[in-house]
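Only one structure is covered here, and it is reproduced in the block below.
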Amino acid sequence: MKVPEAWKRFAAGREPGEGGVVGHPDTGYTRHPEITSRLLTDKGFDFVNNDSDARDELKRGFLLFPGHGTGTSSVIVSPQGAQTNFGNLGANPLAVWGVAPGAKLIPVRVSTSVVLVGGGVLNLARAIEHAADKNVHVISISMGTGFPNSRLLKAVQYAQKRGVIVLAAAGNYVGFVVWPAAYDEVIAVAASNARNKTWLHSSRGGAVDVTAPGESVWCAGVEDNGGFSVGRGSGTSFAVATVAGVAALWLSHHGRAKLAKRYGAEKIPVIFNQILRDNCDPLAGAGPGFGRGLVNADRVLAAPLPDGVRALVPTPAFALRELPAIDAGGLATFRHLFESPAAQPRRTRAAAAATVSDAVLRARLAELLGVTEEELPARLREVGQELAFHLASDPDLYNAFAATLAPKRPRAAEKKAAPKRVATRAAVTTAPAGVESVRGALLTKDTSAALKAKVSGVG
Amino acid sequence: MPPAEANAMNEQRDQPDLKDARPVFEGFVVKALGRGGKTRARQAVTRVLGAGWTVRTFGDDESDFEVTRRERKGATLTARRAWEKTYALRAQPGLTYAEPIFTVPVSGPPGFRAEGLEQTV
């Protein structure tokens with residue numbers, strides 16, 4: 001990612017990222033030596049306990065992530081050099097070097113789990129607003145949810161309107177980009193590895209803006225006994241933290257106050273997003289869905305600032321639309337959910353690269369809802385959001401519907417018997433039996449009477 | 001279900017399978033335009049949901065309202081009930097939009113935590 005090269009652009013004696021403040025909604029902080037000097041804990045907040053102490057309680061259990069906030073923080077702001085003798089390696093102890101070691105970080109505790117189990121979307125929305133009110137410059141979100149809501153979107157827009165660059169993890173082991181990363185206003189970050197290839201388990205899709213390292217990333221850790229350590233972790237959590245560090249470097253390099261004066265604070269996120277995307281390096285063998293490629297920090301800092309941006313750059317947060325298309329329950333929502341629907345976690349690179357056509361998606365949805373394709377948009381306006389909710393929140397149902405979208409492989413006998421032209425036509429989609437099984441599941445699930453009626457054809 | 005309760009419940013489970021992690025209903029978002037929007041939002045919420053709900057503005061738009069249980073430990077709504085209440089709120093005069101707020105866990109395969117310090121998060 002050329003981070004050391006980017007650091008060389010800072011004058012001697014000036015720490016890269018100096019002056020930058022990063023808001024960090026996560027599982028809370030610890031006094032880990034790799035991050036403690038960079039924390040602004042007095043500005044933090046704990047939305048789990050509703051108090052001002054954002055300390056990570058390090059609870060352990062099913063889908064809990066003790067120390068996650070410590071690890072992702074370190075990737076952003078850990079100071080240069082070893083902070084203590086981790087690893088007992090004598091003169092060369094293990095250490096984490098954050099991307100923006102001169103920046104400060106405000107920890108905001110929103111959940112004990114980054115998959116937001118047991119609630120947390122409201123906490124995340126409030127945490128984003130809290131961070132914006134504390135005048136952070138960047139917000140790094142290493143968590144996400146599988147279904148959108150306008151409460152979360154409005155929180156992102158609230159921050160962006162105040163000139164805050166908001167970045168979020170694309171997601172792990174799931175066939176679509178999670179929210180809030182999926183929003184246009186958020187820089188969605190997918191993950192790659194040290195071999196400059198895509199990380200197999202990274203979410204991917206049209207909503208991804210850029211990619212950054214997210215496999216075996218060195219970070220601060222908290223052990224089962226509460227002791228501190230340095231180790232490695234994988235996930236888009238770390239990829240987004242890396243790019244948040246690049247955002248802090250860019251702001252520090254140009255001077256945020258100068259940027260705000262020149263363009264207006266609310267334009268800063270849009271300008272950064274454009275520069276970030278325009279200065280990526282290609283990723284080896286990456287299919288679609290990894291944005292513009294691998295972030296190159298040095299090129300981002302070297303990129304010239306745009307002219308005349310007041311007139312030319314639209315600010316998506318202030319668009320008049322009430323709901324983004326991917327939230328509205330129409331075809332765009334389902335396209336987002338199923339554009340790369342590899343079954344999780346048995347994803348293969350070939351399966352991940354497959355994409356679903358709108359024609360197939362439209363046909364299957366019409367079939368499921370018992371309407372013609374012409375009637376489909378109206379039906380989706382009625383129950384599309386709820387249908388998307390059930391598909392996104394139930395892995396079995398998701399995979400069952402995704403299977404109906406997969407190209408059908410003609411059987412060997414069919415291949416032999418049929419002329420080539422016919423075989424090609426047969427390769428369009430699977431039989432509707434899969435749709436019937438999805439319908440059956442929806443009718444037995446905890447779905448509303450309205451959705452049941454539409455699915456069963458009586459509504 | 002408030003986060004603390006839900007997580008305590010999660011801790012009791014033996015097999016870390018994401019299929020066990022169900023969506024959690026957190027509240028509603030409703031929109032009521034113009035002057036007196038908050039009053040109309042409150043009235044609509046009371047008609048559909050009954051007493052015990054807090055209606056408050058959020059963000060920059062005074063026509064947006066977050067609707068949550070007054071008591072954090074109050075009984076939650078099932079997905080079906082939440083959607084049915086959403087449709088009922090949308091049908092209320094004075095409200096131009098309503099939607100449920102769910103937290104939907106999606107990340108991490110079974111056995112997502114590897115040995116030692118390797119973590120997939």
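The values are calculated or read from the model by the stated rules, or taken from the named source; none is laboratory data. This one's a predicted model, so the numbers in the text were calculated from it and none came from an experiment. Using ideal geometry, Cβ is built from the backbone for each residue, glycine included, and neighbour counts are taken over all protein chains shown. Remember, those area values only see protein heavy atoms, side chains included, never the ligands or the DNA or RNA. Shrake-Rupley method; radii C 1.70, N 1.55, O 1.52, S 1.80 Å.
Conditions (1) assigned to a helix (DSSP H, G or I); (2) at pLDDT 95 or above; (3) closer than 16 Å to A:GLU339 by Cα, marked per residue:
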{"site": "A:VAL383", "(1), (2), (3)": "yes, yes, no"}
{"site": "A:ALA388", "(1), (2), (3)": "yes, yes, yes"}
{"site": "A:ALA392", "(1), (2), (3)": "yes, no, yes"}
{"site": "A:TYR398", "(1), (2), (3)": "yes, no, yes"}
{"site": "A:PHE401", "(1), (2), (3)": "yes, no, yes"}
{"site": "A:PRO407", "(1), (2), (3)": "no, no, yes"}
{"site": "A:ALA413", "(1), (2), (3)": "yes, no, no"}
{"site": "A:LYS416", "(1), (2), (3)": "yes, no, no"}
- Which ones in the stretch A:152-176 are more than 10 Å from chain B (Cβ to nearest Cβ) and surrounded by fewer than 24 Cβ atoms within 10 Å (Cβ to Cβ)? A:GLY163
- Restricting the stretch A:282-321 to residues that are at pLDDT 60 or above, exposed (fewer than 14 other Cβ atoms within 10 Å of the Cβ) and more than 22 Å from the chain's Cα centre (by Cα), the residue that is farthest from the other protein chains (Cβ to nearest Cβ): A:PRO304
- Task: List the number of the failed condition for A:ASN196; all other conditions in (1) more than 8 Å from chain B (Cβ to nearest Cβ); (2) in contact (Cβ under 8 Å) with a residue 60 or more places away in the chain; (3) on the phi < 0 side of the Ramachandran plot hold.
- Result: (3)
- Item | Residue that is most open to solvent (accessible area, probe 1.4 Å), among those in the stretch B:18-68 that are more than 13 Å from the chain's Cα centre (by Cα) and among the polar types (S, T, N, Q) | B:GLN43
- Task: Identify, by number, the condition in (1) in contact with a strand residue (DSSP E or B) (Cβ under 8 Å, 6 or more places away or on another chain); (2) not in a strand (DSSP E or B) that A:VAL108 doesn't meet.
- Result: (2)
- Message: Please verify whether A:TRP179 is more than 14 Å from every other protein chain (Cβ to nearest Cβ) and among the aromatic types (Phe, Trp, Tyr), treating the condition exactly as stated.
- Response: no
- What are the residues in the stretch A:39-54 that are more than 14 Å from chain B (Cβ to nearest Cβ) and either at pLDDT below 85 or within 24 Å of the chain's Cα centre (by Cα) (or both), if any? A:LEU39, A:GLY44, A:PHE45, A:ALA54
- Note on the structure: B:ALA51 fails exactly one of (1) at pLDDT 90 or above; (2) out of contact with any Pro (no Cβ under 8 Å at 6 or more places or on another chain); (3) within 11 Å of chain A (Cβ to nearest Cβ); (4) not in a helix (DSSP H, G or I), namely (3)
- Query: If you scan the stretch A:189-203, which residues turn out to be hydrophobic (A, V, I, L, M, F, W, C) and under 10 Å from the mean Cα position of the chain (by Cα)?
  - Reply: A:VAL189, A:ALA190, A:ALA191
- Applying the selection to the stretch A:211-232, what residues are among the aliphatic types (A, V, I, L, M) and surrounded by 24 or more Cβ atoms within 10 Å (Cβ to Cβ)? A:ALA212, A:VAL217, A:ALA220, A:VAL230
- Item | Hits in the stretch A:16-38 - residues which are among the aliphatic types (A, V, I, L, M) and either within 21 Å of the chain's Cα centre (by Cα) or not assigned by TED's automatic domain parsing to the domain that holds A:TRP218 (or both) | A:VAL21, A:VAL22
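One line per residue, one yes/no per condition, for (1) assigned to a loop (DSSP other than H, G, I, E, B); (2) touching a Phe, Trp or Tyr at 6+ places or on another chain (Cβ under 8 Å); (3) touching a residue at least 24 places away in the same chain (Cβ under 8 Å); (4) crowded, with 20+ Cβ neighbours inside 10 Å:
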{"residue": "A:PRO4", "(1), (2), (3), (4)": "no, no, no, no"}
{"residue": "A:ALA11", "(1), (2), (3), (4)": "yes, no, no, no"}
{"residue": "A:GLU15", "(1), (2), (3), (4)": "yes, no, yes, no"}
{"residue": "A:GLU18", "(1), (2), (3), (4)": "yes, yes, yes, no"}
{"residue": "A:HIS24", "(1), (2), (3), (4)": "no, no, yes, yes"}
{"residue": "A:SER37", "(1), (2), (3), (4)": "no, no, yes, no"}
{"residue": "A:VAL48", "(1), (2), (3), (4)": "yes, no, yes, yes"}
{"residue": "A:ARG60", "(1), (2), (3), (4)": "yes, no, yes, no"}
{"residue": "A:PHE65", "(1), (2), (3), (4)": "yes, no, yes, yes"}
- Could you identify the single residue in A:VAL136, A:VAL166, A:VAL189 that is closer than 30 Å to A:GLY81 by Cα, among the β-branched types (Val, Ile, Thr) and in a loop (DSSP other than H, G, I, E, B)? A:VAL136
- Task: Answer yes if at least one residue in the stretch A:76-91 is open to solvent by less than 10 Å² (accessible area, probe 1.4 Å) and modelled with pLDDT of 95 or more, and no otherwise.
- Result: yes
- Item | Qualifying position, being free of Cβ contacts under 8 Å to residues at least 24 places away in the same chain and not β-branched (Val, Ile, Thr), among A:ALA284, A:ALA257, A:ALA239 | A:ALA257
- Checked A:VAL243, A:VAL208 against criteria (more than 22 Å from A:GLY102 (Cα to Cα), aliphatic (A, V, I, L, M) and either outside the structural domain of A:VAL300 (by TED's automatic domain parsing) or buried (at least 24 other Cβ atoms within 10 Å of the Cβ) (or both)); the one match is A:VAL208
